[in-house]
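The values are calculated or read from the model by the stated rules, or taken from the named source; none is laboratory data. Everything numeric here is computed off the predicted structure, so don't read it as measured data. No Cβ is skipped: glycine too gets one built from the backbone with ideal geometry, and neighbour counts run over all protein chains shown.
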Amino acid sequence: MHRGCGEKLHADVQEIMLGEDQIARKVKELGERISGDYRGKEILMVGILKGAVIFLADLVRHVTVPVALDFMAVSSYGKASESSGVVQILKDLDQNIEGRHVIVVEDIVDTGLTLKYMLDNLATRKPASLKTCTLLDKPSRRKTDVVPDYNGFVIPDEFVVGYGLDYGEKYRNLRHIAVIKPEVYVKE
Ligand code: 5GP
């Protein structure tokens, strides 16, 4: 971890875990890998609302094969930063995925419960292929056997915000991935 890097720190941020440039380079690399792996095919990228929106927006601009977008919203965490294990679909896809090459795009895989549920659910809809792309992976907390097909960074077991990830709906607009100060949690 490092501090600063010339990026202006939000007052609630304790430490920057991943800087803006580091994220941008990784997202470009992921987009290029996906483009190579899916050459000659069309992809449907399914973003998981709301955390994956910023990652997906940047990722898709590095994808050079034809790509359509759709979104799902699921509830996993409430305000507390612990997984409840209960996953509920709040918004389903608009499109039929049968026979299509689907990549589920998620901000972070932690216990893996959300992604496992999504994959099991989407698999029943008979896509031609089904893969996952996550920006962050916290393998130390895994409760399922889910392993993302594409992943940006493996991170330690810390609650992070920024680049789409929130705490109580805040900090999604930070340009980096950061750890917030412990006193921010007790204020809630
Ligand atoms: P899982 O079901 O894998 O435990 O959790 C997946 C979801 O939990 C993510 O999509 C994200 O919404 C939330 N989550 C897990 N870890 C973190 C974290 O460190 N920070 C934030 N902001 N959300 C997290």
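Got at least one residue in segment 128-135 being surrounded by fewer than 17 Cβ atoms within 10 Å (Cβ to Cβ) and more than 16 Å from the ligand (Cβ to nearest atom)?
There is at least one residue in segment 128-135 that is surrounded by fewer than 17 Cβ atoms within 10 Å (Cβ to Cβ) and more than 16 Å from the ligand (Cβ to nearest atom).
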Q.
Go through segment 136-153 and report how many residues are over 18 Å from LEU56 (Cα atoms) and more than 9 Å from the ligand (Cβ to nearest atom).
A. 4
Q.
Considering only residues that are under 15 Å from PHE55 (Cα atoms) and either surrounded by fewer than 19 Cβ atoms within 10 Å (Cβ to Cβ) or touching a residue at least 60 places away in the same chain (Cβ under 8 Å) (or both), which ones fall in segment 137-150?
A. TYR150
(Q) I need the full set of residues from segment 154-165 which are within 9 Å of the ligand (Cβ to nearest atom), more than 17 Å from LEU9 (Cβ to Cβ) and surrounded by fewer than 17 Cβ atoms within 10 Å (Cβ to Cβ), in order please. (A) ASP157, PHE159
(Q) Being without any contact (Cβ under 8 Å) to a residue 60 or more places away in the chain, more than 16 Å from VAL102 (Cα to Cα) and touching a helix residue (DSSP H, G or I) at 6+ places or on another chain (Cβ under 6 Å) is the filter here; which residues of segment 18-58 pass it? (A) ASP58
Q.
Can you go through GLY112, GLY168 and tell me which one is farther than 17 Å from ILE48 by Cβ, touching a residue at least 24 places away in the same chain (Cβ under 8 Å) and either surrounded by fewer than 19 Cβ atoms within 10 Å (Cβ to Cβ) or within 11 Å of the ligand (Cβ to nearest atom) (or both)?
A. GLY168
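Looking at segment 114-188, what strands (runs of 3 or more DSSP E) fall wholly within it and have at least 1 residues that are of a type in the set (A, V, I, L, M, F, W, C), in contact with a helix residue (DSSP H, G or I) (Cβ under 8 Å, 6 or more places away or on another chain) and closer than 19 Å to LEU44 by Cα? Let's see the steps before the verdict.
Details: elements: 129-137, 150-154, 177-180.
Passing ranges, in order: 129-137.
Output the residues belonging to segment 10-34 that are closer than 29 Å to VAL67 by Cβ and in a strand (DSSP E or B). Before you say what the answer is, go through the steps one by one.
Start the filter on segment 10-34 by keeping residues that are closer than 29 Å to VAL67 by Cβ, which leaves 17-34.
Within segment 10-34, MET17, LEU18 meet the criteria.
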Q) Would you call GLU32 modelled with pLDDT of 95 or more and either under 16 Å from ASP166 (Cα atoms) or not hydrophobic (A, V, I, L, M, F, W, C) (or both)? A) yes
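Filter segment 80-108 down to residues that are within 13 Å of the ligand (Cβ to nearest atom), at pLDDT below 95 and touching a strand residue (DSSP E or B) at 6+ places or on another chain (Cβ under 8 Å), then give me how many there are. Walk me through it before giving the result.
As a first pass, look at segment 80-108 and keep what is within 13 Å of the ligand (Cβ to nearest atom): 80-88, 90, 104-108.
Subsequent filtering for residues that are at pLDDT below 95 retains 80-88, 90.
Now narrow it down to the ones that are touching a strand residue (DSSP E or B) at 6+ places or on another chain (Cβ under 8 Å): 81, 86-88, 90.
Residues flagged as within 13 Å of the ligand (Cβ to nearest atom), at pLDDT below 95 and touching a strand residue (DSSP E or B) at 6+ places or on another chain (Cβ under 8 Å) within segment 80-108 amount to 5.
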